[in-house]
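The values are calculated or read from the model by the stated rules, or taken from the named source; none is laboratory data. Owing to the predicted nature of the structure, the values given are computational and were not obtained by experimental measurement. Heads up, the Cβs are rebuilt from the backbone with ideal geometry, glycines too, and the neighbour counts pull from every protein chain shown.
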Amino acid sequence: MSTQGSKYSRRDIITFATLTSLLAFIPISTDLFLPAIPMMMAELGSTISKSQLTLSLFMLGVACGQIIFGPLSDQFGRLPVIRVGTMTYIAFSLLSSLAWNIEYMWLARVAQGAAAASGAVIARALIRDRYEGDRAAQMMALTGAAMASVPLIAPTIGAYITV
C-alpha cells in the first residue's frame with residue numbers, strides 16, 4: 001500500500017498495525033486455544049469441564065488485568081507498561097504450553113489473561129492520547145474492523161498448530 005497520495009502516513013500505518021497487534025492478545029489467546037482443548041484434556045488427564053474452565057479463568061485474568069494495567073500506564077507511561085505487559089504475556093503463554101497438570105494450566109491462564117489485558121487497555125488509551133474527535137473514532141473503528149477477522153482465522157491456525 002503506497003502512502004503517497006494517501007491520507008494515511010507511514011506512521012499511521014505502523015501505529016495501526018501496532019495497535020491492532022496489541023488488541024489481538026485476547027482474541028488470539030482464546031480462539032487459537034479452542035481447537036487444542038480436547039488434546040489438552042487428554043494430555044493433562046483432565047475432564048472437559050476442567051479443561052473448559054481455562055477459558056473462564058483466562059477471562060477472569062483479563063478482567064483483573066484491566067484494573068492493574070490501566071492505572072499503571074497512567075502512572076508510569078504507556079511504553080514501559082506495554083513492554084512489561086507484552087513480555088509477561090509471552091512468558092505466561094510459554095508457561096501455559098509447558099503445563100504438567102490442569103491446576104498449573106489454570107494458574108498460567110489466569111496470569112496470561114491478566115497480561116493480555118495490557119494490550120487492550122493500553123492500545124485504547126494510546127488511541128485516546130494520540131487522536132482526537134473523528135480521527136479517534138476512525139482509528140477505533142479501523143482497529144475494531146481488523147479485530148473482527150481474528151475469530152475467523154485463529155481457530156484454523158490453532159487447529160493446524162495442534163495437529
Of the residues that make up segment 135-147, is at least one over 13 Å from the mean Cα position of the chain (by Cα), assigned to a helix (DSSP H, G or I) and under 30 Å from GLU43 (Cβ atoms)? no
Going through segment 129-163 in order, the residues found to be surrounded by 12 or more Cβ atoms within 10 Å (Cβ to Cβ), over 20 Å from SER93 (Cα atoms) and small (Gly, Ala, Ser) are ALA136, ALA137, ALA146, SER149
Filtered residues of segment 105-125 (kept if free of Cβ contacts under 8 Å to residues at least 60 places away in the same chain, of a type in the set (Val, Ile, Thr) and under 11 Å from GLN66 (Cβ atoms)): VAL121
Given the criterion touching a residue at least 40 places away in the same chain (Cβ under 8 Å) and assigned to a helix (DSSP H, G or I), identify the matching residue among LEU53, LEU79, LEU72. LEU53
LEU126 passes all but one of (1) surrounded by fewer than 20 Cβ atoms within 10 Å (Cβ to Cβ); (2) at pLDDT 90 or above; which number fails? (2)
